[in-house]
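Participant: Can you keep this structure in mind? I'll have questions shortly.
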Amino acid sequence: MSRASFNSSFLYIANKSSGGKAIGVRTARSSRALATTLRKERQVLIRTWKLPDWASNEPEMSLKDHAEFDAQLAQLLERGVPLTEALEVAASVVKAGNEDRILQLRSLVAQGTSFSDGCAKVGSFDEVTCAVYKAAEKTGDLAGACKQLSIGARRRLEVSGKAATLMIYPSIVLSIALIAGLVMMTLVIPTIGESMASSGIDVPVFTKILVAAGSFLRANILFILGGAAVLIIVGFLWRSALAKLAVKLTRNMPFVRDVVLEQELTRFFSVMGSMTRSGIVLSDAISVSSGVIGHPKLNKDLKRLQQRLIEGGLFRSLIEKVDALPLATRKLLIAADQAGDLESAFDSLAKDHAQNVDKKTARLMAMLEPLLIVILFMIVGTMILAIMLPMMNMTGSVL
């Protein structure tokens with residue numbers, strides 16, 4: 001369950017049967033789906049523009065919303081509450097902006113639409129979730145499927161929270177250091193440097209360079225602040241692209257890439273556990289579950305595994321060739337396949353890799369803290385040195 005939705009927001013222009021033109025914003029899977037919807041309202045679509053995510057007027061269900069929704073649904077369905085009534089109650093556990101979406105889903109189900117098809121129509125339910133719901137409808141265990149999806153979503157939330165904490169801490173420390181450094185460079189260093197020069201104190205070249213840089217920053221502070229504001233606005237508008245770029249960079253950074261790989265494996269095995277317990281064929285489960293990970297090599301190996309499974313290969317033989325998976329993980333999957341208990345193995349591996357995320361995150365934080373201290377010393381210490389050098393020269397000349 002990702003934040004991505006099946007639907008996109010479109011700005012459209014349509015001809016109305018009563019004359020004139022209709023202009024508006026709607027959510028649909030595609031321009032063709034939007035045209036079909038408008039045709040039912042006796043409007044003919046003329047042109048559409050797909051809006052970027054930040055301009056969409058349609059709120060998305062977060063992973064936390066999905067976890068709460070599935071947990072509530074599972075609890076009610078297990079106690080025999082009818083699906084329509086359960087959906088009415090479940091609408092109260094999601095954010096207010098998504099309540100209408102769940103009530104719309106309830107209305108579709110009440111009209112005879114299957115639950116999985118209704119989820120696809122209202123949007124915000126990804127391919128994995130809809131596939132699990134569809135399989136659960138066939139087996140008659142929708143409550144069990146919702147419970148598994150809720151567990152998987154909570155596990156992924158926990159992992160994502162660890163990653164966010166890992167990135168937020170050094171970002172805050174470095175931001176404070178840079179702001180403090182900018183204040184010293186624009187206010188303190190130039191003032192002290194000019195005072196020393198006017199007093200006839202011999203100012204070293206190093207101090208002169210910092211004083212010149214500080215004077216330049218002070219003279220152009222409005223342009224610098226304006227540029228920073230523009231960068232913040234651009235970063236907000238294109239935050240999705242920047243997030244993808246950041247993830248791509250972290251996959252290649254030493255030590256951090258190990259944490260990222262463990263996160264990917266946690267997501268993959270959580271989804272695999274939910275899908276296989278719902279009775280979805282192993283090759284289909286791998287095909288859909290590989291979509292939740294972005295690790296290039298692992299994704300490529302899994303797609304090759306899925307293709308060879310379709311061609312008649314044995315899982316226990318093929319999984320050993322997926323080099324992107326840790327050796328211990330491959331051996332456990334081979335043993336589980338021989339024992340006929342892959343579903344439990346997927347759940348167990350999801351827990352194990354989630355624990356590995358905790359361990360490697362703690363280890364990485366232990367390495368980052370002294371590195372941050374060194375960076376802070378370099379920023380602040382450089383400025384202190386620029387101030388102290390002239391004083392040391394002056395003291396030496398007096399002696």
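Residues checked against (1) modelled with pLDDT of 75 or more; (2) among the charged types (D, E, K, R):
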{"site": "ALA229", "(1), (2)": "yes, no"}
{"site": "ILE232", "(1), (2)": "yes, no"}
{"site": "ARG239", "(1), (2)": "no, yes"}
{"site": "LYS244", "(1), (2)": "no, yes"}
{"site": "MET253", "(1), (2)": "no, no"}
{"site": "ASP258", "(1), (2)": "yes, yes"}
{"site": "GLU262", "(1), (2)": "yes, yes"}
{"site": "VAL271", "(1), (2)": "yes, no"}
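Participant: Of all residues in segment 25-48 being exposed (fewer than 12 other Cβ atoms within 10 Å of the Cβ) and not in a helix (DSSP H, G or I), which is modelled with the highest pLDDT?
Facilitator: Just the residues of segment 25-48 that are exposed (fewer than 12 other Cβ atoms within 10 Å of the Cβ), to begin with: 32, 40-42, 47.
Checking which are not in a helix (DSSP H, G or I) leaves us with 41-42, 47.
Working: GLU41: 76, ARG42: 78, ARG47: 81.
The residue in question is ARG47.
Participant: Among the residues of segment 182-189, is any part of a helix (DSSP H, G or I) and touching a Ser or Thr at 6+ places or on another chain (Cβ under 7 Å)? So that I can check it myself, show each step before the final result.
Facilitator: Keep residues of segment 182-189 that are part of a helix (DSSP H, G or I), which gives 182-189.
Checking the rest, the ones that are also touching a Ser or Thr at 6+ places or on another chain (Cβ under 7 Å) come to none.
Scanning segment 182-189 turns up no residue that is part of a helix (DSSP H, G or I) and touching a Ser or Thr at 6+ places or on another chain (Cβ under 7 Å).
Participant: Here is a follow-up. Hey, among the residues in segment 317-330 that are loosely packed, with under 15 Cβ neighbours inside 10 Å and of a type in the set (D, E, K, R), which one's farthest from LEU245 (Cα to Cα)?
Facilitator: Step one: of segment 317-330, the residues loosely packed, with under 15 Cβ neighbours inside 10 Å are 317, 320-321, 323, 327-328.
Among the residues that remain, those that are also of a type in the set (D, E, K, R) are: 320-321, 323.
Details: GLU320: 31, LYS321: 29, ASP323: 25 Å.
Here the residue is GLU320.
Participant: On to the next question. Given the conditions (1) among the small types (Gly, Ala, Ser); (2) touching a Lys or Arg at 6+ places or on another chain (Cβ under 9 Å); (3) buried (at least 20 other Cβ atoms within 10 Å of the Cβ), and given that ALA345 satisfies all but one, which numbered condition is not satisfied?
Facilitator: (2)
Participant: Something else now. Condition first: of a type in the set (Val, Ile, Thr) and either closer than 27 Å to VAL25 by Cβ or without any contact (Cβ under 8 Å) to a residue 24 or more places away in the chain (or both). Now tell me which residues in segment 58-106 satisfy that.
Facilitator: Filtering segment 58-106 down to residues of a type in the set (Val, Ile, Thr) leaves 81, 84, 89, 93-94, 102.
Within segment 58-106, VAL81, VAL89, VAL94, ILE102 qualify.
Participant: Now for a different question. Among the residues of segment 302-355, what is the count of those that are under 15 Å from LEU282 (Cα atoms) and not aliphatic (A, V, I, L, M)? If you could, list the steps in order and put the result at the bottom.
Facilitator: Kept after step one, since they are under 15 Å from LEU282 (Cα atoms), are these residues of segment 302-355: 302-319, 333-334, 336-338, 340-347.
With the extra rule that they be not aliphatic (A, V, I, L, M), the set shrinks to 303-304, 306-308, 311-313, 315-317, 337-338, 340-341, 343-344, 346-347.
Final tally of qualifying residues: 19.
Participant: Here's something else I'd like to know. Got at least one residue in segment 218-226 being of a type in the set (Lys, Arg), assigned to a helix (DSSP H, G or I), touching a residue at least 40 places away in the same chain (Cβ under 8 Å) and in the same structural domain as ASP352 (by TED's automatic domain parsing)?
Facilitator: Looking only at segment 218-226, we keep the residues that are of a type in the set (Lys, Arg), and these are 218.
Subset that is assigned to a helix (DSSP H, G or I): 218.
Now restrict to residues that are touching a residue at least 40 places away in the same chain (Cβ under 8 Å): none.
For segment 218-226, residues of a type in the set (Lys, Arg), assigned to a helix (DSSP H, G or I), touching a residue at least 40 places away in the same chain (Cβ under 8 Å) and in the same structural domain as ASP352 (by TED's automatic domain parsing): absent.
Participant: Can you tell me which residue in segment 193-217 is surrounded by the most Cβ atoms within 10 Å (Cβ to Cβ), limited to those that are in contact (Cβ under 8 Å) with a residue 60 or more places away in the chain and β-branched (Val, Ile, Thr)?
Facilitator: Top of the filtered list is THR207.
Participant: Right, ALA96: surrounded by fewer than 22 Cβ atoms within 10 Å (Cβ to Cβ) and either closer than 29 Å to LEU282 by Cβ or out of contact with any Pro (no Cβ under 6 Å at 6 or more places or on another chain) (or both) or not? Full working, then the answer.
Facilitator: Details: surrounded by fewer than 22 Cβ atoms within 10 Å (Cβ to Cβ): yes; either closer than 29 Å to LEU282 by Cβ or out of contact with any Pro (no Cβ under 6 Å at 6 or more places or on another chain) (or both): yes.
Yes.
Participant: Can you pull out the residues in segment 268-284 that are of a type in the set (A, V, I, L, M, F, W, C) and touching a residue at least 24 places away in the same chain (Cβ under 8 Å)?
Facilitator: At the first step, the residues of segment 268-284 found to be of a type in the set (A, V, I, L, M, F, W, C) are 268-269, 271-272, 275, 280-282.
Answer for segment 268-284, where residues must be of a type in the set (A, V, I, L, M, F, W, C) and touching a residue at least 24 places away in the same chain (Cβ under 8 Å): PHE268, PHE269, VAL271, MET272, MET275, ILE280, LEU282.
Participant: Could I ask something else about it? Take segment 365-390 and flag every residue that is in contact (Cβ under 8 Å) with a residue 24 or more places away in the chain, over 38 Å from the mean Cα position of the chain (by Cα) and surrounded by fewer than 16 Cβ atoms within 10 Å (Cβ to Cβ).
Facilitator: Of everything in segment 365-390, just one residue is in contact (Cβ under 8 Å) with a residue 24 or more places away in the chain, over 38 Å from the mean Cα position of the chain (by Cα) and surrounded by fewer than 16 Cβ atoms within 10 Å (Cβ to Cβ), namely LEU385.
Participant: Filter segment 277-304 for residues that are more than 17 Å from LEU261 (Cβ to Cβ) and among the hydrophobic types (A, V, I, L, M, F, W, C); which is surrounded by the fewest Cβ atoms within 10 Å (Cβ to Cβ)?
Facilitator: Ranking the qualifying residues of segment 277-304, first place goes to VAL281.
Participant: Here's another thing I want to ask about it. Looking at LYS297 and the list (1) at pLDDT 85 or above; (2) farther than 19 Å from MET275 by Cα; (3) not aliphatic (A, V, I, L, M), which single condition is not satisfied?
Facilitator: (1)
Participant: Please tell me if VAL128 is touching a helix residue (DSSP H, G or I) at 6+ places or on another chain (Cβ under 6 Å) and either exposed (fewer than 13 other Cβ atoms within 10 Å of the Cβ) or not assigned by TED's automatic domain parsing to the domain that holds ALA22 (or both). Talk me through it step by step, then tell me what you get.
Facilitator: Values: touching a helix residue (DSSP H, G or I) at 6+ places or on another chain (Cβ under 6 Å): yes; either exposed (fewer than 13 other Cβ atoms within 10 Å of the Cβ) or not assigned by TED's automatic domain parsing to the domain that holds ALA22 (or both): yes.
Yes: the conditions hold for VAL128.
Participant: For segment 231-329, which fully contained helices (runs of 4 or more DSSP H) count at least 3 residues that are closer than 24 Å to LYS359 by Cβ and among the β-branched types (Val, Ile, Thr)? Break it down into steps so the answer makes sense when it comes.
Facilitator: Working: elements: 239-250, 256-277, 282-289, 296-310, 315-318.
Passing ranges, in order: 256-277.
The values are calculated or read from the model by the stated rules, or taken from the named source; none is laboratory data. Being a predicted model, the structure only gives us computed values, none of them experimental. Because the Cβ atoms are built from the backbone with ideal geometry, glycine has one as well, and the counts that use them run over all protein chains shown.
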